[in-house]
Each structure stands twice: as structure tokens, then as C-alpha cells.
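Worksheet for the structure shown next.
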Amino acid sequence: MSELRKVNVDGKEIEVPGHYTLMQACEEAGAEIPRFCYHERLSVAGNCRMCLVEWVGAPKPMASCAMSVNDLRPNRDGSPADIRTSSAVVKKAREGVMEFLLINHPLDCPICDQGGECDLQDQAMAYGRSRTRYDEDKRAVEEKNMGPLVKTNMTRCIQCTRCVRFISEVAGVEELGLVNRGESAEITTYLQQNLKSELSGNVIDLCPVGALTSRPYAFNARPWELRKFESVDVMDAVGSNIRVDVRGPEVMRILPRDNDEVNEEWISDKTRFCWDGLKRQRLDTPYVRKAGKLSPASWDEALGVVAERLKGDPERIGAIAGDLCDMESMKALKDLLGSLGVSSMDCRQDGAAIGEQGREGYVFNSGIAGIDEADAILLVGTNLRKEAPIINARIRGAWLNNGTQVAMIGEDVDLTYPVEHLGSGPETLAGLATKRGGFGKALRDAKRPMVIIGMGALARADGAKVLRSVGELAAKFNIVRDDWNGFNVLHTAAARVGGLDIGFVPHNGGRDTAGLIKGAGKGEIDTVYLLGADEIDTQALGDAFVIYQGSHGDAGAHRADVILPGAAYTEKEGLYTNTEGRMQDGVRAVFPKGEAKEDWAIIRALSELLGRTLPYDDLPALRNTIRRPDAVPFNPAKLGKAGAMAKGNFVSPIGDYFLTNPIARASITMAACSANVAGFAQAAE
């Protein structure tokens, strides 16, 4: 913590840390400082000059973003330095800067997607002149092809370089740069290639003008036409805070919200651009298979058929919950099946060996924000760029700012920061604890050591043994102690931790996902209830009667004998618990399509037909029944099962990052991104 320093801002004396910039000090005093190039999460460029302030006694105005309070000297009488933010000198300087910025900026406001939420518009009104003294021709800049997500109009660019700094510092890929000088300066991509980062869409939010806009959203709506809802993302298990913008019955765009504990102010490209998949391939009416063909049916008919099937032998009935389910729907289905005596249920579609030894054995215990404190991180069986781009960017930030050492056991992939690749499989994991030097020593000596184990290590036949090995490693290197818990499980499914918290797992000898699929294939399971479960081999269910409840016509619906249309995550109120165990509210922004209903309400109606009416009539009453599991003593060395691990490298469960769930697979934009990546891979070969 730096020493406090006094400074006088517009006649108000304040005391701030010496490392504060003048901009921060002025804002601490209540002054408003305009800016274009400065951003709190990026390095200081100091090239737009819009943040000029007057230091009384200095020969010229100062760029407040690039000068710290420590750089100021007191006045001759010993009083604090005087800073003025609204004097005549400052006003004239800002008007001059704005005039220069607008020399070449086109008059595109009526057709620009940034119109209505443009920093340049707002600051030109507040700090600009009413007329210009320049009447020369404006320059034009050739457009850049940045791929299917980012639309460019580089004639509007004011060279603030926010996009360049984000791509290189946060995303960690050198794909944008400023070339040439003076009037010829322009932002361009490397060798005219498309952006390849999973975070590239964030440059749209960062751009203070309309030079970089959303290609899928282009010319679709104006900001003042949209209704805005604060919600959470379900494309991965990070639980990024988002804002859903809606016009009429349609979601028009998805933007990030600030949350320093989770996603800061970034979101992944899949989170931002999957919204067009919300209106394609939707299930909007119940279906019942008749004579081998799915036919539309009424709700009474469909629920009646389901009720009859669930009246059978409870040992021959099972349920699997998918990756996008909210906690309320899983709790309602668990309660209903429990009342029928059904014990075969599972929320782990991939068969991950977790959830049997307490909550600390399956969550990201240090918290996502805890990555900032870590000084040594071991990654086991995870490709963070595909599984959790936001967490990957956070680790990059820890390496960039704190020098955090990172090593991995698994696929040797580019994570955008230096990573020591120790090996690819269990043999490396088993040998790490016995090595005295190398990364083992770094873990042993670290003050805040961290291990992150992914589904590539846990969703294997020997996943429980891998978990035990990692737990023993954590115990040996003191990764878990009273003041720090660096044992972290990284999930890939938004519903997973919530499902484990409410106990949507086999009990009393019930079957797990693999057991249900195998049993159905052998004819030992008669009825399988798929609650949004699409990431399993549905063709392996044999002749079992399949009930599918979900929002999209994906793999589960194609195999189903009865389809109950549910609501997508933007169409219902729902609780989602992210990988670190943080429970967050999802908000309904639009109503479900057609005859679709909220998932918990469908299960509640089904319970009445079965004569097992669930004891809640509304969502608040249902939420009151949801409880976190009781805390139990946590010993990482006792996790999983003892035994020799099988050979075979750890492989990330995510092959195509853009097509991991039914909503993404229904999205035209995600399909274009997938093809774009495939094109890169083909070109590299």
C-alpha cells in the first residue's frame, strides 16, 4: 500500500494513495474526467488526450490518465498541488482535442449501430465545439475482415488502441495492431486474418466509437428500443454475469455485466453470440410418438402418457439431467422421482467421478477471484481456452501481473501464456509428488499454491482414482490449509454443481448415467427421463421409452417417445450455481415459445396426474426447499478411490468450443465460428 498524498482538486482537498493517477484522484473528489483510450483493466496508452487537466503552475495541461499523484510536487508554500478539471484552459484544450478527433470521423450517426450508446457522441456534446474550423476532405480507411463476429468500419476509428491492448493483454493473442503513422495510422489485423480468440467480441464493448460493432446484431435494433434484463450465462460453468437485451418476443443481444468476483467485465464469444440459437429449432408444442412417428399432441395427452410410464417398477425407471438445467427443475424432478421410489438419477452426463465426499470435493474452492492471489498453478486434464475462457484470461492476468508460474498435465495446447508442460497422462501425475525439483518444488514453496482439475481427468473410467491422486498431491504440497484452499474442480456444465448440491445423483443402489444407458440397452431399464440431456449417446438407450423435456430439437428430442417443450434459460426464472459454488439468479427476459412452459411447472403438473402432488405451488415455495449440503470435514487425500490409474492421456471433453450444447448447435453464428476455426486448422496443415 503506497503512502497517502494530499491533492487539491477544484478547491477540494483530498487524501489519496500516491500511486493513484490524477484521473483517479479527480474522480475521487467527484470530478468527471472524459476519456477514450483509458480503461481500468488495460494498460495506460495516453494517446487520446481527452482527459487533460490543469496543474496550476505547469506550462501546459496534463494527461490525467498517465500521471500519478506521486509525480506532483507541492506548491512553494507547502500546500498540496492544485488540479483544475473545469477551468478555461481545460475547456479550451478538450475542445481542441475533440475537434481533432472529429476531423476525419464520418457523419454516420444515423446508420451507426453505436448510435445512442456512443462515447464519442456523448463527449462531443459535453466537451466539444459547436462548429469545426476544418473543411478539408475526410480520409477513408479500408474495412478489415475480422471474422463472423466483429463488423468493422475503420473510417470511424479514432486510434484509441483499446482493442489492440485488450487482444494482446487480456486475450493474449497478437492479432491486432496499429500500423503507419500520423494521418495514415490505422488499426488492422495480422496479415488480414480473422480474429481467433474466444474473447474477441469484447472489443465491441471496448470500442468508444462505431469502428467495431457486432456483425450478427448489425442493423437489427437501436438501444432505446430494447428492454434490458440482468441475468447469468449458462454456456459454461463460470456463471458470467450478463445483460439480456430484448425487443418484443426476441432476444436481440447479450452483453456483459461487471462482477469482479466472477467475470470482471468480459464474456466469452459463445456467451455473447449464441442468442440467435434461442429462436431456431425450438420445441414449442408437446409431441407423442405414434406408429413410429412423432406427432403433435395436447399437454393433457402428453402428460398422461408420461404419467402412465412413470407408474411402472421404480427400479426400471431412471432420469438424467442435462448441462443447462436450473436448480428448481432438477429439485422438482428429484422430489417427484423420490416419491415414486426411483433411485436411479444423475446430473453428470459425462460420468465424472465427483460428488460423493462433500462439497469441497467438487467446487472451485479458492474462488475465481482467488486466482489473482495464486503464485503457482497446476492444471490437470483441462484445456481452459475451450472449457472456461474467462478463467483462462484470469490466469493470464495472474501471470502477467504477479509472475504466477503455471504447469499442466494433459494436452499440450496454447493457453496464451507460458505453461510448463509436464506430461500428458496419469503417469506424470503419479510421479510429480516424488520429484524434488521442477514444478513440484514450485508448488511446495508457493504461498498460495493451486491445482485445477478438469473433466478431462475426471470423466474417465478411472476418474475416481485420478481424483484420489490429485487429492493426495494437494495434501502433500499443503495446497489445502486453514487459511487457503487451492483444490479446485473446473466444471464445464452450468447445471453440474447445482445438481450435485441438491443431490441429483444415484442413491440406495441406483444407477448412474453410464449404468442407466447400459441398463436401457440391455432392456433392464424401461423408462428414461431426459431433462435437457443431449450430450449422451441416445442411440444406446435401446428399446427404452424415452421422455425428453427441453427447449431445442437436438439429440434427446430425436430419440424421444414423448417430448415436453420447456423454456430456455432466457425464458424462465432459475437458480444456477457456478463452478465455485456461487448461486446466482437467472432472469426471464422473454416468454417461452409457443406452448412451452417453465420446466419446474411441467414437473409440478405431472406430479398431480401421478397422485404425488409436490408441496409447492410457486417458484418462491420451491426455492425455499433448496438447501446447500451440510459441510463435512475435508481431507483431499480421501477423495475418490484408491487404486492404479489407467494409461491414456488426459483429453479435454470439449472438441468444438462453439458447438457444446443445443442452443449453440442451433445458432447460425456459432456454426460460422466453428467453420472459421476449421478453416484455420486446415490452413495450418
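The values are calculated or read from the model by the stated rules, or taken from the named source; none is laboratory data. This one's a predicted model, so the numbers in the text were calculated from it and none came from an experiment. Heads up, the Cβs are rebuilt from the backbone with ideal geometry, glycines too, and the neighbour counts pull from every protein chain shown. Accessible surface areas use protein heavy atoms only, side chains included; no ligands, DNA or RNA. Shrake-Rupley method; radii C 1.70, N 1.55, O 1.52, S 1.80 Å.
Return a yes/no flag: does region 73-83 have any residue that is out of contact with any strand residue (DSSP E or B) (no Cβ under 6 Å at 6 or more places or on another chain), crowded, with 18+ Cβ neighbours inside 10 Å and modelled with pLDDT under 95. No.
For region 393-402, the count of residues that are open to solvent by less than 10 Å² (accessible area, probe 1.4 Å) and either at pLDDT 95 or above or among the β-branched types (Val, Ile, Thr) (or both) is at least one. Residues of region 346-368 that are farther than 24 Å from Ser240 by Cβ and either open to solvent by 30 Å² or more (accessible area, probe 1.4 Å) or at pLDDT below 90 (or both): Gly351, Ala353, Glu356, Gln357, Gly358. Residues of region 112-130 that are touching a residue at least 60 places away in the same chain (Cβ under 8 Å), among the hydrophobic types (A, V, I, L, M, F, W, C) and either surrounded by fewer than 18 Cβ atoms within 10 Å (Cβ to Cβ) or not in a loop (DSSP other than H, G, I, E, B) (or both): Leu120, Ala126.
Any chance region 202-209 includes a residue that's farther than 20 Å from Ala393 by Cα and out of contact with any Gly (no Cβ under 7 Å at 6 or more places or on another chain)? Yes, there is a match, as at least one residue in region 202-209 is farther than 20 Å from Ala393 by Cα and out of contact with any Gly (no Cβ under 7 Å at 6 or more places or on another chain). Checked against (1) within 24 Å of Glu598 (Cβ to Cβ); (2) not acidic (Asp, Glu); (3) not in a helix (DSSP H, G or I), Leu500 passes all but a single condition, namely (3). Residues that are in a loop (DSSP other than H, G, I, E, B) and out of contact with any strand residue (DSSP E or B) (no Cβ under 6 Å at 6 or more places or on another chain) were ranked within region 147-160; the one that is farthest from Glu198 (Cα to Cα) is Ile158.
Annotation note: Cβ proximity below 6 Å between a residue of region 340-358 that is part of a loop (DSSP other than H, G, I, E, B) and a residue that is open to solvent by 20 Å² or more (accessible area, probe 1.4 Å) and charged (D, E, K, R) (sequence gap 6+ or interchain) occurs for Gln349/Glu535.
One line per residue, one yes/no per condition, for (1) within 26 Å of Ile158 (Cβ to Cβ); (2) in contact (Cβ under 8 Å) with a residue 12 or more places away in the chain; (3) open to solvent by 30 Å² or more (accessible area, probe 1.4 Å):
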residue	(1), (2), (3)
Val7	no, yes, no
Asn70	no, yes, yes
Val89	yes, yes, yes
Ala93	yes, yes, no
Val97	yes, yes, no
Phe100	yes, no, yes
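Residues in region 629-659 that are among the hydroxyl-bearing types (Ser, Thr, Tyr) and out of contact with any Asp or Glu (no Cβ under 8 Å at 6 or more places or on another chain): none. Hey, any hits in region 45-66 for a residue that's within 12 Å of Val7 (Cα to Cα), touching a strand residue (DSSP E or B) at 6+ places or on another chain (Cβ under 6 Å), surrounded by fewer than 21 Cβ atoms within 10 Å (Cβ to Cβ) and free of Cβ contacts under 8 Å to residues at least 24 places away in the same chain? Looking for residues that are within 12 Å of Val7 (Cα to Cα), touching a strand residue (DSSP E or B) at 6+ places or on another chain (Cβ under 6 Å), surrounded by fewer than 21 Cβ atoms within 10 Å (Cβ to Cβ) and free of Cβ contacts under 8 Å to residues at least 24 places away in the same chain, one finds none in region 45-66, hence no. Checking each residue in region 113-163 for being of a type in the set (Lys, Arg) and under 23 Å from Arg272 (Cβ atoms) picks out Lys144, Lys151, Arg156, Arg162. Residues of region 144-169 that are under 24 Å from the mean Cα position of the chain (by Cα), among the β-branched types (Val, Ile, Thr) and open to solvent by 20 Å² or more (accessible area, probe 1.4 Å): Val164 alone. Quick check: is even one residue across region 621-638 of a type in the set (Asp, Glu) and out of contact with any strand residue (DSSP E or B) (no Cβ under 8 Å at 6 or more places or on another chain)? Checked against the condition, which is being of a type in the set (Asp, Glu) and out of contact with any strand residue (DSSP E or B) (no Cβ under 8 Å at 6 or more places or on another chain), region 621-638 yields at least one hit. Within the group Asp335, Asp276, Asp284, Asp323, which residue is under 24 Å from Glu595 (Cα atoms), in a helix (DSSP H, G or I) and open to solvent by 10 Å² or more (accessible area, probe 1.4 Å)? When all the criteria are applied, what remains is Asp276. Here Glu198 meets each of (1) under 12 Å from the mean Cα position of the chain (by Cα); (2) within 26 Å of Val677 (Cβ to Cβ); (3) open to solvent by 10 Å² or more (accessible area, probe 1.4 Å); (4) free of Cβ contacts under 8 Å to residues at least 60 places away in the same chain with one exception, condition (4). Filtering region 643-671 to residues that are open to solvent by less than 10 Å² (accessible area, probe 1.4 Å) and either at positive phi or part of a loop (DSSP other than H, G, I, E, B) (or both) leaves Phe650, Asn661, Ala666, Ser667.
Does region 17-34 contain any residue that is touching a strand residue (DSSP E or B) at 6+ places or on another chain (Cβ under 9 Å), open to solvent by 80 Å² or more (accessible area, probe 1.4 Å), more than 30 Å from Arg129 (Cα to Cα) and modelled with pLDDT of 90 or more? There is at least one residue in region 17-34 that is touching a strand residue (DSSP E or B) at 6+ places or on another chain (Cβ under 9 Å), open to solvent by 80 Å² or more (accessible area, probe 1.4 Å), more than 30 Å from Arg129 (Cα to Cα) and modelled with pLDDT of 90 or more. If the condition is being in a helix (DSSP H, G or I) and either modelled with pLDDT of 95 or more or open to solvent by 30 Å² or more (accessible area, probe 1.4 Å) (or both), then region 620-642 contributes Pro620, Ala621, Leu622, Arg623, Lys638.
Residues in region 295-304 include none that are among the aromatic types (Phe, Trp, Tyr), touching a residue at least 12 places away in the same chain (Cβ under 8 Å) and not in a helix (DSSP H, G or I).
For region 445-466, filtering for residues that are open to solvent by 40 Å² or more (accessible area, probe 1.4 Å) and either among the aromatic types (Phe, Trp, Tyr) or within 31 Å of the chain's Cα centre (by Cα) (or both) leaves 5.
In this structure, does Ala555 turn out to be under 30 Å from Ile254 (Cβ atoms) and in contact with a His (Cβ under 8 Å, 6 or more places away or on another chain)? Considered against the rule, which asks whether it is under 30 Å from Ile254 (Cβ atoms) and in contact with a His (Cβ under 8 Å, 6 or more places away or on another chain), Ala555 comes out as no. Each residue in region 263-321 was checked for being of a type in the set (Ser, Thr, Tyr) and more than 30 Å from Ile390 (Cβ to Cβ), and 4 of them qualify. Counting the residues of region 538-552 that are open to solvent by 20 Å² or more (accessible area, probe 1.4 Å) and farther than 18 Å from Leu606 by Cα gives 4.
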